[in-house]
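Enquirer: Once you've had a glance at the structure underneath, I'll fire off some questions.
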Amino acid sequence: MWTQKYEPHPYIKGVLIMEGKINFPISWLNQQGFCEYSLYLEHVQGIELAATPEMIKGQQIHQNLDTNFKQDATETNFAELMKLSKREEYLTREMFVLSTNYGIRGSIDEIWLTPDEFIIIDDKPGTVAYQSTINQVWGYCLAFQDFISGDNRKIIGALRERGTDNIYWMEEFKEFSQIKIKKLLQRMQDMFTGSKHFIPTNNSRKCAKCRFNTHCEFK
Ligand code: SF4
């Protein structure tokens, strides 16, 4: 766990206040891209729904990957790993990153640390690189970059088909993407502080498969 002081937000579930700033899970960027209003229903209104079969299956695959990894893994601390990876390649899973600067936190599925670059991998079902999933990867990249400040190795984001080795999207985290994700994070801050509205999608196909559609006045 982190050493920074925090307190839970008085009414938004999952949001913490750290150094006077809203701090939310990076995975919410994916939900934001699907429909901002679903974030409002789930986290501001606090509507709780049972996990879908897809969610349960995803959690199981995730768990299996972790168990397999831990069977062969050697324990080391992150500072040591950063040093060692300047000479040879290493891999780590479920690394927790926290950025109080950008108000985000989350666990990165897998990171490949090499002498030249860091590859930040997020496992997702399917093989389509939606903008919402890319935003989530950029969120991890930004938090990681903030966390390792001072190390100038390249950071690359990647999406991998869950439960396989199939990396179906990969891109370097360049300045253009950094500016875009920082702008989106500011929008998230503004929505959670109440200065901007959570906008419902106008895509009826999303509403048809949305978990919250029985609670939503915009469907
Ligand atoms: S039903 Fe549609 S508008 Fe409402 S939260 Fe779900 S996706 Fe958004």
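No value in this document is a laboratory result; all are computed from the given coordinates. Every value quoted in this text rests on a predicted model; they were computed, and no experiment measured them. Cβ: placed from backbone, ideal geometry, glycine included. Neighbour counts: every protein chain shown.
Enquirer: Quick one: Phe198, Phe176, fewest Cβ neighbours within 10 Å first, how do they rank?
Expert: Values: Phe198 17, Phe176 8.
Fewest to most other Cβ atoms nearby, the residues stand as Phe176, Phe198.
Enquirer: Hey, what angle do you get for helix 53-72 against the long axis of the chain, alpha-carbon based, 0 to 90 degrees rounded to 10?
Expert: 10
Enquirer: Whole-Hz ³J(HN,Hα) for each residue in segment 75-86, computed from phi via Karplus 6.51 cos²θ - 1.76 cosθ + 1.60 with θ = phi - 60°, x for glycine and proline: what do you get?
Expert: Ordered by residue, 3J(HN,Hα) equals 7, 8, 8, 5, 4, 5, 4, 4, 5, 4, 6, 6 Hz.
Enquirer: Going from the alpha-carbon gyration tensor of segment 6-208, what semi-axes, largest first and in whole Å, does one get by taking the root of 5 times each eigenvalue?
Expert: Details: eigenvalues 160, 85, 56 Å².
Square roots of five times the eigenvalues give 28, 21, 17 Å.
Enquirer: If you don't mind, another one. Too long at a 22 Å Cα-Cα cut-off: which of Lys124/Lys206; Lys5/Lys183; Lys21/Lys174; Lys21/Lys183? Mind dumping the intermediate values first?
Expert: Values: Lys124/Lys206 18 Å; Lys5/Lys183 25 Å; Lys21/Lys174 26 Å; Lys21/Lys183 16 Å.
Distance filter (> 22 Å) returns Lys5/Lys183; Lys21/Lys174.
Enquirer: While we're looking at this one, here's another question. With unit charges on the beta carbons (Lys and Arg positive, Asp and Glu negative) and the dipole taken about the Cα centre of the chain, which residue among Asn203, Tyr11, Ile156 sits farthest to the positive side?
Expert: Asn203
Enquirer: Kindly provide the helix-only [θ] at 222 nm of the chain, computed as the sum of -39,500 (n - 2.57) over DSSP H runs of four or more divided by all residues, to the nearest 500 deg cm²/dmol?
Expert: Numbers: 7 runs with 80 residues, N = 219.
For the chain, the value works out to -11000 deg cm²/dmol.
Enquirer: Treat the count of other C-beta atoms within 10 Å as a stand-in for reagent exposure and order Tyr90, Tyr102, Tyr11 from fewest to most. Don't jump to the answer; show the numbers that get you there.
Expert: Numbers: Tyr90 16, Tyr102 21, Tyr11 10.
Ascending Cβ contact count within 10 Å gives the list Tyr11, Tyr90, Tyr102.
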